[in-house]
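Everything on this sheet refers to the single structure shown next.
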Amino acid sequence: MKKVIRGQVLSFGEDLGVALHLESGAVAVDGQGRIGWVGAFAKLPEEWRSAPVDDHGDRLVLPGFIDAHIHFPQYRMLAAPGKDLLDWLHRFTFPEEARYGEVDHAAAAARLFLSRLFSHGTTSALAFCSVHKTCAEALFAAASSVNMGLVTGKTMMDRNAIPAVQDTPETGARDSEALYHAWHGKGRNRYAVTPRFAITSSEAQLKLSGELLASLSGALMQTHISESPGEIAFVRELFPSAKDYTDVYDRHGLLGPRSIFAHGIHLSEREAARFSETGSSVIHCPTSNTFLGSGLMSFSFLRARSRPVPLGIATDVGGGTSYSMLQTMAEAYKVQMLNGYKPQASELFAMSTIGNALRLHMAGETGSLVPGKHADIVVLDPQATPLLKARHDLSQSLEDVLFALMILGDDRAVAATYVAGACRHGGV
Ligand code: GUN
Ligand code: ZN
């Protein structure tokens, strides 16, 4: 059904600046849940004049957030106090992920996981599943039922974990291929080849991952890289002939414009240059990095003009401590300040919307308020809490409003979330 979403309309451009700001604007949604028109409410075209209007007043109507790295089977294990990444994985994470071999558990968890994304204003994600094929099936099915743009894959991991979450190179490749054929391109679903990281995949599994990435047309690849000092030291022991951590993936054909690497905190100059040359992306996961004590990733190092690395931003739940992309931006701001760089709020909002859409190869369908894209929208209330309201009285510019929202806001600021035009959380 056609509808009109009215409010203070705001969208961002590929240059990470504000591309559109309409104080009394409207997004007109067509019968297929796509954006048909965007402009001043007063100029609403004739064909939408009799459509129902969700009037959000002065609230901000933005493209929905895109979480570029999150773990579905960790949906409830936030705030698990590990000593560092490897301790956290072995003590809490692998035992929790072991439950996702059970179909009923995975299906119930998938519904909860998506509702949690929507209550935080996130409308698309690149997610890890567990090692179990059933886990990815459950998440794809849940995403399909709400016409959400979701990218996920079965995690491949054949060593250095408990048996309940290990596969073999052969079963990992066979299940990945079957999932790709069953789900990739079905509705808005996309497949990502998902070797967990170099510690939990043998050379044989990494090699097969590279072959899958090359052969499965349109698939992405997601993994982790250079997150914690203990992890990097172990990778060096496991792959003594590799030049560095990046080279482990590079040798297996895993770098390229469709490859998305979480963290990248401790990359060297050589590694950053290789990322830049191949167009591989690094996804910053700041609440996870501070929580696990992994380190402070630097935008200015990775963006060096001579060899810029494409960047994204993500929660990394459950290593990350919040589903909120607002809280994630706040933590990114603090981490970059500690690295001597002061991001603009609009830049972080742009990274969380159009920037991540570009990283995920989804910018043709989501990430900004442009006719033809799906109407994936979050409505934010800059006065949602007493603290936000008091601070709002001091705001003198759009940048200031966005800044206060990201530093002080969370799911309480999410007034409504629309996925492909359907309201999936909150309302007017
Ligand atoms: N490296 C390998 N697996 C994981 C994971 O589940 N979370 C994080 N933060 N890092 C990882
Ligand atoms: Zn992760």
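Please treat every number below as a calculation from the coordinates, not as lab data. Owing to the predicted nature of the structure, the values given are computational and were not obtained by experimental measurement. All Cβ positions, even for glycine, are placed from backbone atoms using ideal geometry, and neighbour counts span all protein chains on display.
Can you list residues whose amide H is under 5 Å from residue 192's amide H, if they're 5+ apart or on another chain and H is modeled 1.01 Å from N?
Under 5 Å from the amide H of residue 192 lie the amide H atoms of 152, 153, 220, each far enough along the sequence or on another chain.
So if each residue of separation counts as 0.36 nm, and I subtract the Cα-Cα distance between residue 42 and residue 141, what length gain in nm does that give?
Full extension of this stretch gives 31.6 nm more.
Say each of residue 344 and residue 394 gets a label point 7 Å from the Cα, pointing the same way as Cα to Cβ; how far apart are those two points in nm?
Placing both labels 7 Å along Cα→Cβ, they lie 2.2 nm apart.
Can you put 282, 38 in order, fewest other beta carbons within 10 Å first?
Sorted ascending by nearby Cβ count, the order is 38, 282.
Could you work out the relative contact order of the stretch 3-59? I mean the mean sequence separation of Cα pairs under 8 Å and 6+ apart, divided by the number of residues, in percent.
Reported relative contact order: 42 percent.
Apply the Karplus curve 6.51 cos²θ - 1.76 cosθ + 1.60, θ = phi - 60°, to the phi angles in the stretch 79-92 and return the couplings in whole Hz, x for Gly and Pro.
Calculated HN-Hα couplings, in order: 6, 9, x, x, 6, 7, 3, 5, 4, 4, 4, 6, 6, 10 Hz.
For the chain, what is the relative contact order in percent, using Cα pairs closer than 8 Å and at least 6 residues apart in sequence?
Here the relative contact order equals 20 percent.
Each residue of the stretch 55-64 in turn: what ³J(HN,Hα) in whole Hz from Karplus with 6.51, -1.76, 1.60 and θ = phi - 60°, glycine and Pro shown as x?
So the J values, rounded to whole Hz, are 8, 9, x, 8, 5, 8, 9, 10, x, x.
Per residue, what volume in Å³ does the convex hull of the Cα atoms of the chain enclose?
Roughly 127 Å³ of hull volume per residue.
Under the 0.36 nm per residue contour assumption, what length would be gained going from the current alpha-carbon distance of residue 24 and residue 90 to full extension?
So the extension gain works out to 18.6 nm.
With θ taken as phi - 60° and the coefficients 6.51, -1.76 and 1.60, list the Karplus ³J(HN,Hα) couplings across the stretch 8-18 in order, rounded to whole Hz; mark glycine and proline as x.
Those phi angles translate into 8, 8, 9, 8, 10, x, 5, 7, 6, x, 6 Hz.
Taking the Cα centre of the stretch 106-191 as origin and charging only Cβ (+1 Lys, Arg; -1 Asp, Glu), how large is the dipole, in debye to the nearest 20?
Magnitude of the dipole: close to 320 debye.
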